[in-house]
Amino acid sequence: MQTVRTIPSIRKGDMVQIIAGREKGKTGKILRVLRDSNRVVVEKLNVIKRHTKPSQKNPQGGILEKEGSINYSNVLLLCPKCNRGVRVGHKLEGNKKTRICKKCGGSI
């Protein structure tokens, strides 16, 4: 039985920086978080070609380009103040848990 780990610091809509692989150094927005396989899909990065048969949704068929998934360990959350990928800490403010930048201490 496979254990499922959670990805607490990365959510849909976050801006991230890729730190490994052929897209290293590029930034993009998270489109989907695949929690069961610990992967994320980043907008316009890691584009793959998918050969598809004609269907009702796509009557022409052919070669489609779409974003592939990336392991979440290969992305860092982008700090708006530092403008680079940073490690994330958590801080309790009242009853809310907020994410903070480990470099500048600012809220993400």
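The values are calculated or read from the model by the stated rules, or taken from the named source; none is laboratory data. Just so we're clear, the structure is a prediction, and the values are computed from it rather than from any experiment. With ideal geometry, Cβ positions are generated from the backbone for all residues, glycine too; neighbour counts draw on all protein chains shown.
Selection of the range 62-88 for residues being more than 15 Å from the chain's Cα centre (by Cα), farther than 26 Å from Asp36 by Cβ and part of a strand (DSSP E or B) yields Gly62, Ile63. Taking the range 89-108 as the range and being assigned to a loop (DSSP other than H, G, I, E, B) and either surrounded by 10 or more Cβ atoms within 10 Å (Cβ to Cβ) or small (Gly, Ala, Ser) (or both) as the test, the residues that pass are Gly94, Lys102, Lys103, Cys104, Gly105, Gly106, Ile108.
The set of residues in the range 25-44 being closer than 17 Å to Pro8 by Cα and of a type in the set (Ser, Thr, Tyr) consists of Ser37 alone.
For the range 59-88, enumerate the residues that are exposed (fewer than 12 other Cβ atoms within 10 Å of the Cβ) and among the β-branched types (Val, Ile, Thr). Passing the criteria: only Ile63. Scan the range 88-104 for residues that are out of contact with any strand residue (DSSP E or B) (no Cβ under 7 Å at 6 or more places or on another chain) and modelled with pLDDT of 90 or more and the total you get is 3.
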